[in-house]
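Notes follow once the structure below has been shown.
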Amino acid sequence: MRLLLVRSVVAAGLAAGLLLSPNLWQSARAYPTVPVWDALPDIPPAGGRVAFGVLLALLALVVALPRRRWPVLAFVAVAGLWSLWDQTRWQPWFLQYLAFLLAVGAARDGALDACRLVLAATYFWSGLQKVNVSFVTDIYPWMIAPVQRHLPEGVAAWLEGQGYLVAAGESGLGLLLLVPRLRLVAVPMVVVMHLGLLFCLGPTGHNWNTVVWPWNATLAALVVVLFARSPDVAARRILWPASRVGRGLLVLFGVMPAFSFVGWWDAYPAMSLYSGTTPWARITLDETAGETLPAEVRARFVTDGELDLQAWAIDELNVPGYPARRVFRGIARRLGGPNHVRLVTYDRPDWRTGVRPEIEEELERRRTSDE
């Protein structure tokens, strides 16, 4: 029963995410796609629409055929393949959903334990990513502002000073979920955390980043399905899943995020979201490069030659841009002619000072097969 619930909840959450970000999954759009390999063939607009329709149809089959594994594995294969054509599609929620479905579809034994591992690891690393001065002084005060409006002044001021405690607390919840006797406390605390995030990011708060609203609701449901009333599920079962798929997910979600702290693993697969540590970039265009952009993009997102890449991504795709230097470089190369694009990348900041290393480049446009 739990396994069927996980399938249905994940499929519903993923379908909501796809429907809230339809342009992200298209091949014809103004915001540049950055494939993992430039030699991948261009996909015509009709191909993008077909791929999007196939993904939604497969998710419907995941729910409609709860005893069949092939719709789950087919979705993972198609979605994984389609994401190779644009790294911006590697959003944290998408990667996590794929991991859940891979565990459910491919792991004959221990599928639920593999899902538990992914979920607990998400909270652990997501919280640890936030233990830094940028989160405490910038992201956290902005995030809790909708809550502070409803609190007495003294309580609101006290809450604003608890950034490090909140970050460490989220990380600790991931550990508490591993301990059977502590799940009675951890599960409701995680649900409350997600309800708080929905209050802050949703219509009652900042009304921002709608694509993560269903993700928060989905995770709140999953933590109940996977961890509530599970006294027989020991920590060792979760930390060492029975299947090879589960052990692969252990590497990807349990081990590899540690390397993000030294720049050897991307921020999003390390569940670094709203952490204040994700890289960002400034792209400056000259007149020649600016003329290659659609008029609406120039009017809305280019000021004094500087392109607001993040605002453009949110507006057109309804997701943030993928925070990795290679992706910033790929986008910059697609925007202008030789030496017409200046890129400044601001890498992961020092956790104590918030100072970011800056990398400045002049980039040439990527040549296409028609040039």
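The values are calculated or read from the model by the stated rules, or taken from the named source; none is laboratory data. Small disclaimer: the values here were computed from a predicted structure and weren't measured. Every residue, glycine among them, receives a Cβ derived from its backbone with ideal geometry; neighbour counts consider all protein chains shown.
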inquiry  = Going by what's in this entry, would residue 289 be described as in contact with a His (Cβ under 6 Å, 6 or more places away or on another chain), closer than 27 Å to residue 329 by Cβ and crowded, with 17+ Cβ neighbours inside 10 Å?
reply    = yes
key: Among (1) under 22 Å from residue 1 (Cα atoms); (2) crowded, with 20+ Cβ neighbours inside 10 Å; (3) of a type in the set (A, V, I, L, M); (4) touching a residue at least 60 places away in the same chain (Cβ under 8 Å), the one test that residue 211 misses   = (1)
request  = Might you check whether a residue that is of a type in the set (S, T, N, Q), buried (at least 19 other Cβ atoms within 10 Å of the Cβ), farther than 21 Å from residue 130 by Cα and outside the structural domain of residue 321 (by TED's automatic domain parsing) occurs anywhere in segment 266-284?
outcome  = no
ask   = Does residue 85 satisfy the condition of being surrounded by fewer than 14 Cβ atoms within 10 Å (Cβ to Cβ), modelled with pLDDT of 95 or more, outside the structural domain of residue 225 (by TED's automatic domain parsing) and within 25 Å of residue 309 (Cα to Cα)?
value = no
query = Is it true that residue 93 is part of a loop (DSSP other than H, G, I, E, B) and either within 30 Å of residue 32 (Cα to Cα) or in contact with an Asp or Glu (Cβ under 9 Å, 6 or more places away or on another chain) (or both)?
reply = no
query = If you go through segment 174-208, how many residues are surrounded by fewer than 17 Cβ atoms within 10 Å (Cβ to Cβ), in contact (Cβ under 8 Å) with a residue 60 or more places away in the chain and closer than 20 Å to residue 6 by Cβ?
reply = 0
